[in-house]
Amino acid sequence: MHGKSYDYLFKLLLIGDSGVGKTSILFRFSDDSFSPTFISTIGIDFKIRTIQLDDKNIKLQIWDTAGQERFRTITTAYYRGAMGILLVYDVTSRGSFENITQWLSNIKSHASENVEKIILANKCDVEEREVSEEEGRALSEEHGITLIETSAKANINVYEAFEEIAKMIKNNIDSKPTNSRSLSSLELGNSGNSSKGCC
């Protein structure tokens, strides 16, 4: 039997302040489930889901990081090797929106130079917003990063967000010479096999 059930393996990172809905987004995408009673992630958790793009199987290994300040030093190690980062803020929390700039600074310090980035404005189903869609668009344009408004609770644009960043990474990889591409794949494959709790 053919041992590998995917054509690409992409490591993704969900980052943002505590309480913005990173875990809810992850569970909505990986399990199509939502719970209003998620407790804060302690350290790091991850899920795996395979999607199809251009007739290729793309295995997404998605790491959910703790947003609390005391865990920032732990999560910096996980920036290394990430091919895509989803920065999440809560449209009902201006503080989480304002902190996106700090998270972008962390990415610049710790992630690879060519990492793909996308901003998710979560909880867009809530009427009482503190951050308008226009403000979110202005921030994303300032930094040259795509913004997608999402709701894990109402299942709005969650799959589309992961599909979009997977497309960005695939296009980036496909534009590289074959020899450097295969090396990158090999390193990613080795890093992903020893983890637990991925189902």
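Based on this model, can you work out whether residue 140 counts as surrounded by 14 or more Cβ atoms within 10 Å (Cβ to Cβ), under 17 Å from the mean Cα position of the chain (by Cα), among the small types (Gly, Ala, Ser) and closer than 24 Å to residue 27 by Cα?
no
Could you tell me how many of the residues in the range 102-120 are more than 23 Å from residue 158 (Cβ to Cβ) and free of Cβ contacts under 8 Å to residues at least 40 places away in the same chain?
Adding up the residues that qualify gives 7.
Going by the conditions given, is residue 135 of a type in the set (Asp, Glu) and either in contact with a strand residue (DSSP E or B) (Cβ under 6 Å, 6 or more places away or on another chain) or farther than 21 Å from residue 78 by Cα (or both)?
Yes, satisfied.
Would you confirm whether or not the range 73-85 contains a residue that is at pLDDT below 90 and touching a Gly at 6+ places or on another chain (Cβ under 9 Å)?
Yes: the range 73-85 contains one or more residues that are at pLDDT below 90 and touching a Gly at 6+ places or on another chain (Cβ under 9 Å).
The values are calculated or read from the model by the stated rules, or taken from the named source; none is laboratory data. The shown structure was predicted, so the numbers you read here are calculated from the model rather than taken from an experiment. Cβ sites come from the backbone with ideal geometry, for glycine too, and all protein chains shown count toward neighbours.
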